[in-house]
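Chemist: Please read through the structure below; I'll follow up with questions.
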Amino acid sequence: MTDHENNRTLLNALPIGYRFNEFEIKEVIGGGGFGIVYRAWDHQLERTIAIKEFMPSSLAVRGEGMRLALRSERFARAFSAGLNSFIQEARLLGRFNHPNLVHVLRFWVQNDTAYMVTLFYSGVTLSRLKEKQPELIDEAWIRRILPMLFGAIRIIHDEGYLHRDISPENIQIQDNGLPVLLDLGSARRTISTLSDETETMLRPGYAPIEQYTDDNESEQGAWTDIYAIGAVLHTLIMGTPPPVSVVRSIQDNYLPLAERQPAGYSLSLLQAVDKALSLKVEDRPQSIDEFAELIRMPITNIHDTRMVKNPGSMVALPAEEEPPKVNDWMRYKVPAMIAASVLVGALASGILFRGGNHTPSTTTTSMQQPALPGTLVPTPALVEQTPVQQTPPVVKENTPVPAEAEPITDVYVRIHEGEKLKINGKSDNTASMLNGFALLKLAPGQYDIALESNGLARKQMLEIVKPGTWIINPSY
């Protein structure tokens, strides 16, 4: 049983039965905007393995002979850089042989793209486990799996790299209860820095503020992954991640767990999570060992975890950001209010592409997934905007007029100097705050957000269905 029951067929996926020498594709088990993951059979060693294919669907499509073809020549540089990062990640993960870190067996280049083979792990992601069996997760359960995850993360840090994409979606809980930390994520970040159409939106509940700045590599360190671990623990304890770090830098609405005191959790654990989620990097634990000491738990060494003899199915996310070298462990000292005016520029117009097959032109953000404040903001697909002709509804006599819907979503809109805001074609006088954002409180519905200046307009379509906190920067 995989964690992608509704994702058996993906556009651009290789057909079932396709062969890479001894490897035969048996099933599509996952995928997104940057890659596709297959369950495959190794005929030589007679075992099940997983194959991940670099497939950035916003840049390329499946062409003749199963080879990838660019959607446009202007994507060539971004595709090549993403491909190189994907290969670098495979090489890096192939160096590690930790039972709680996804292990790459080999990689190769074919079909004008690259592939990596990994072990095939059982179970579901931590996010799915939390959804299906919330009663299973308590402090005792957390303290059983956390030392193993700490061990996997520390081995990455000891080699001078960072993970930078730790979240419940990137932690696999196997059927035997042992956790596995999945992809480091190389390609997504590389592509986002080179391609306007595919600029990355990070996981807002889990990414600390330094990941949004332009000069981020010099400001990231072990504390960056520690913030993400703290956000994962916050999600397990409270059911939702902490507020988005960008929003916190504008107005910090984080309520410490030590003050909330959820039942069944020790004060030492709650205080450690609060410290890990500090906005300023110097206020967080500076190493995995320091964080473990705060929680008062050991870190599992590589030989302390029993190896799984019969791996099952692996659910892996597509390749994402390139693992950076830790640069001298520099401290992030830019004040939060100043950083807020810069960081969302990095979110910008294009956002993480998930599965669309059109050449991107206009950015459309779907808000149909749950987006409670601080939860993972769904990343929009880039699709061509098609005019929709709507027939006016027929209103019968004596039909009661429904009450106006109450706002359920806070939308922070980046406004440049001199721009005029329009919502559904009507001018809106919502004032920009000092940090360059306007706060819109919107009810469920569809919205055409436009920012006009000197005859040019930046636009973004929004469809709001459920509550949430959103940060947008419309594009031309």
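Chemist: Could you rank the peptides 146-156, 105-115 by their average count of other C-beta atoms within 10 Å per residue, with the highest value first?
Modeler: Highest mean packing first, the order is 146-156, 105-115.
Chemist: Could you order the peptides 43-54, 263-274, 83-94 from most to least packed, using the average number of other C-beta atoms within 10 Å per residue?
Modeler: Descending mean neighbour count gives 83-94, 43-54, 263-274.
Chemist: Here is the link list: K132/K466; K280/K441; K130/K466; K52/K280. Which ones come out longer than 26 Å on Cα distance?
Modeler: Pairs exceeding the cut-off: K280/K441; K52/K280.
Chemist: If you don't mind, another one. Can you give me the relative contact order of the stretch 19-118 as a percent, contacts being Cα pairs under 8 Å and 6 or more apart?
Modeler: So the answer I get is 22 percent.
Chemist: Applying 1/(1 + (r/R0)^6) with R0 = 41 Å to the Cβ-Cβ distance of D283 and E24, what FRET efficiency is obtained, to the nearest 0.05?
Modeler: 0.20
Chemist: Residues with amide H under 5 Å of S278's amide H, sequence separation 5 or more or different chain, H placed in the peptide plane at 1.01 Å from N; which?
Modeler: none
Chemist: Points 7 angstrom from Cα along the Cβ direction at Y476 and D252: gap in nanometres?
Modeler: Result: 3.8 nm between the two label points.
Chemist: What list of ³J(HN,Hα) couplings, whole Hz, do you get for the stretch 68-82 from phi and the Karplus terms 6.51, -1.76, 1.60, once you set θ to phi - 60° and write x for glycine and proline?
Modeler: Computed from phi, the couplings for the stretch 68-82 are 7, 10, 5, 5, 7, 4, 5, 8, 4, 5, 5, 5, 4, 5, x Hz.
Chemist: Which residues' amide hydrogens lie under 5 Å from the amide hydrogen of K26, considering only partners 5 or more residues apart or on another chain, with H built in the peptide plane?
Modeler: Close amide H contacts, sequence-distant or interchain: G17, R39, A40, W41.
Bear in mind these aren't lab numbers, they're just calculated from the coordinates by the rules spelled out. All figures in this text were calculated on a predicted structure; none of them were measured in a lab. Cβ sites come from the backbone with ideal geometry, for glycine too, and all protein chains shown count toward neighbours.
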